[in-house]
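K.L.:
Supplied in structure tokens, the structure appears directly below.
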Amino acid sequence: MGSTLAMAAMGVLTIGAGAADSPAQASIPARERLGWIQKYEIPPGSMATALNTFAYVSGLHIAYDARVTERLTTSGLDGAFSTKDGLDRLLRGSGLAYRFADNGRSVSIVLAQNDTGVRTDASGATALPTIDVGREARSERGAAGVRGPGDRATGYSAPSATSALKTDTPILQTPVAVQVVTRQTMDDQQAISIQEALTTNASSVSQNPSASTYDSFNIRGFSTNYGVYRNNLRRHLVSTLDTSNLQSVEILKGPAGMLYGRVEPGGIIDLVVKRPLETPYYSFQEQAGSFGMTRTSVDATGPLTPDRTWLYRISGNFMHADSYIDYANSQNVFIAPTITFHPDEQFRLNVDAEFQDSILVDVYQTIPAIGTRPASVPISRYLQDPAVTANNPTRHTRELIGYDWTFAFDKDWSLTNRLLYEYGYHGVTTTYFGSINEATGDATRRLFMTPTYVGSLSTNLDLKGKFETGPLRHDLLVGGDFFTENQDQYNGYLGVSPYVKSINIYAPVYGSGVPYKPTPNAFTYARENWKGLYLQDMISAFDDRAHLLLGGRYDWADAVNSFSSVSYVSAKNAAVTIYNEAFSPRIGLSIQPFPWLSFYGNYSQSFGANNGVTGGNIPLAPQRARQWEGGVKAEFFDKRLTATFAYYDITKTNIPTPDPLNPRFSTLIGEAESEGVEFDLTGRLDDNWSVIGNFSHDYAVVTKDNNKANIGRRLPSAPLNAGNLWLKYDAHGAFEGLSLGGGVSIVGSMQGDTANDFQLPDYTLVNAMASYRFEVEGAAVTAQLNVKNLTDAIYYPASLNRTTITVGAPRTVLGSIRVEF
């Protein structure tokens, strides 16, 4: 690209959009055409596609150099706008401006004078010297939603979150609390796992004690009960989830039963996967870190056919690591291909597949409590028998295939169908403590081996439409979904025997056990089906300043969950089907006195997950919950910085907890209430500084229980106070390409179990990063170094019971080289 944008000489792409101007339009002078009001519905995505759509609706001819928009995207346009306002919004943060021709019928897209986001409709936009507008370092300075290489959101904030309402409603207008962890955030922090991506980047999210085996989190004091979603579809019993193929992670807080059925009231996690691009993009990353960790990742995308009707994308990685824990190690293989069929602007089909195989030998350290605190033992100490666990490692494999397609009838109505099938094997091998002499440290152990086979299918159908009734504008969603899951467990439990010896936690002796795989002696047969119908209407009025959300859902569910110590057949024969149905409403209101500020509130109910059975195969009642929530949202600096303050009050009934007499089963503690406040701040402070900050105060306590002594006790693994701050500095000028970042996380003390008889102490973690981005023969190279837990703090993020306290990782160093072209 030369020093000026001589469009004719460089092969200008001219869009007439196939729609000729009417005589009336053709006669309108440029100054009047700028104020011409049209209704637009342009989704976020490719800048070129958005300009094409804009030209079609407005009747304009738009000319630009295809190389200028090659890697640019826009946050879209939804509503009635003048030509000037519409172009301003489409081009905001892109580094582009526009010029009207004298005849008022043609628009030229040119490079702006600066990158402040200011646009001009006059001749003041002069050409710039040579600049590659596709580079991330440039587009990062723009507004939220700007995309960089590989369609990566080049910032920490996002303009919308589809999990909140299943629409692209701006976050400021959405009357619920929702946070987005962007791809840029995961890259800057080198977050390899979902746990690393979530636990410091959003308020009220913490590790669940089951996270050592399966991916589960606490949100607003309540467990997600393995409730992780993928592109709005439910998954269950997933483990060691990888971030390689993720575009972002959304956290929808509060009861989401109105849209998603049987979910926990704290909220849901929705994984948004990467999609194929029309522009070829290739990335190779090599990471190496402490404890022998190595990870190789690839990401490639582009068109399969010259007309770009067929697109592809493939992401994956291979990782191997030892551990700070003696005898522990892990290995992971992950691959995720996607094919897209996009013949026209009306129809798009994505077909996804995933395969993952993880082998682990106790990479998550757990220790017992002594007195009221975790036992004082080195975090590297192995408290299991390597003769058993190393010869029978934990293994998680999963296979996934799914699709989603959308057909747009016109600019106002569309139909979307999604489907996801997943099959997994989870073979967990571990030992847990039976009894502990707290004076001497002598402990008996029990061997636990649980091969679990899980198959699930999830699908939904959504009809979305926009229409008006007088002064009211409606954004309607009508849908239905179905979920089914089969789960079979062939567990082997073994108490004290020649195969599982006792151990002293202060002076362990290994090798006393004999390699052994117990014969299954505990069988679980579980089946779950539920279906639901839902209706939602977002009503906007008063010049788009007021937004009323009305929604309701009806669920029909049945579940089978039985146990036998004799055989799988006995468990199946003993099964009793549990039938439940319920209505879950949601109502919300958002008021925007100014375009940058909104006040919101909502009330919602949820129909919770099936709780399974007791040791006597007695069904446990399903969970129910309700929430009141209110707060304030704001956007600053041309929407580059977003802030949310929320107050919530959640009441949940029928909460399961491990049975103290038999931790393999659950019992109900009655009712609990979680009341708190939270604050989130994400985005850019200026062209150099980016920030992620959050704080949460959550008072989660038991309010009803058959055991009166439990009333008033705090829920376990739910910190009363927690705060996180992450700052990044992107240098410009002579040090262009250099980025420095760091963060601190402060987590208050937590109760270890529902009896509140031991506590997990408060802790502080410090993290840091440094990266440098440069170009080598047309490729962008990023060298990066991250240090996690810089001060080598010893901390305990969660606890299942007195014998199973999770230990956090010590200081780790992770280096990376990423090449993109």
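K.L.:
With a Cα-only, solvent-free Debye model of region 725-821, what are the log10 I(q)/I(0) values at q = 0.18 Å⁻¹?
P.N.:
Cα-only, vacuum Debye calculation for region 725-821: -0.86.
K.L.:
Just to check I understand the Karplus step: with θ = phi - 60° and J = 6.51 cos²θ - 1.76 cosθ + 1.60, what whole-Hz values come out for region 323-328, glycine and proline as x?
P.N.:
Those phi angles translate into 8, 6, 8, 4, 6, 8 Hz.
K.L.:
A follow-up question, please. Project the alpha carbons of region 546-601 onto their principal axes and report the range along each, largest first, in whole Å.
P.N.:
Each principal axis gives a Cα extent; for region 546-601 these are 66, 20, 11 Å.
K.L.:
Within straight cross-link reach of Lys253, meaning Cα distance under 18 Å, which aspartates and glutamates are found once same-chain residues fewer than 8 apart are removed?
P.N.:
Excluding near neighbours in sequence, the set is Asp168, Asp215, Glu264, Asp270, Glu629, Asp649, Glu673, Glu675, Glu678, Asp680, Asp698.
K.L.:
In addition: For region 152-273, which semi-axes, largest first and in whole Å, follow from the square roots of 5 times the eigenvalues of its Cα gyration tensor?
P.N.:
19, 18, 12
K.L.:
Report the net charge of residues surrounding Phe523, where surrounding means a beta-carbon distance below 10 angstrom and charges are Lys +1, Arg +1, Asp -1, Glu -1.
P.N.:
My count for the surroundings of Phe523 gives 0.
K.L.:
Which peptide among 189-202, 552-565 comes first, and what is the full order, when sorted by highest mean count of other Cβ atoms within 10 Å? The partial results should precede the final answer.
P.N.:
Values: 189-202: 22.3, 552-565: 19.3.
With the highest mean Cβ count within 10 Å placed first, the list reads 189-202, 552-565.
K.L.:
Now for a different question. Treating only the Cβ of Lys, Arg, Asp and Glu as charged (+1, +1, -1, -1), what charge dipole size does region 35-111 show about its Cα centre? Round to the nearest 20 debye.
P.N.:
80 debye
K.L.:
What size of dipole, in debye to the nearest 20, comes out for region 326-820 about its Cα centre when the only charges are +1 on Lys and Arg C-beta atoms and -1 on Asp and Glu C-beta atoms?
P.N.:
1420 debye
K.L.:
May I pose another question? To one decimal place, what Kirkwood hydrodynamic radius in Å is obtained for region 326-820 from all pairs of distinct Cα atoms?
P.N.:
About 26.7 Å, per the Kirkwood formula over Cα pairs.
K.L.:
What is the Å³ per residue value for the convex hull set by the Cα atoms of region 257-352?
P.N.:
Each residue corresponds to 156 Å³ of Cα convex hull volume.
K.L.:
On to the next question. May I ask you to list the lysines whose Cα is less than 18 Å away from that of Lys708, ignoring any residue fewer than eight positions away on the same chain?
P.N.:
Lys652
K.L.:
Can you tell me how region 35-111 classifies by the Cα gyration tensor, rounded, prolate or oblate, using a/c under 1.5 as the rounded cut? Walk me through the intermediate numbers first.
P.N.:
On the way: a/c = 1.65, a/b = 1.08, b/c = 1.52.
Judged from the Cα gyration tensor, region 35-111 comes out oblate (a/c at least 1.5, b/c at or above a/b).
The numbers here are math on the coordinates, done by the rules we state, and not lab data. The structure presented is a predicted model; accordingly, all values stated were derived computationally and were not measured. Neighbour counts are summed over all protein chains in view; Cβ atoms, including those assigned to glycine, are modelled from backbone coordinates with ideal geometry.
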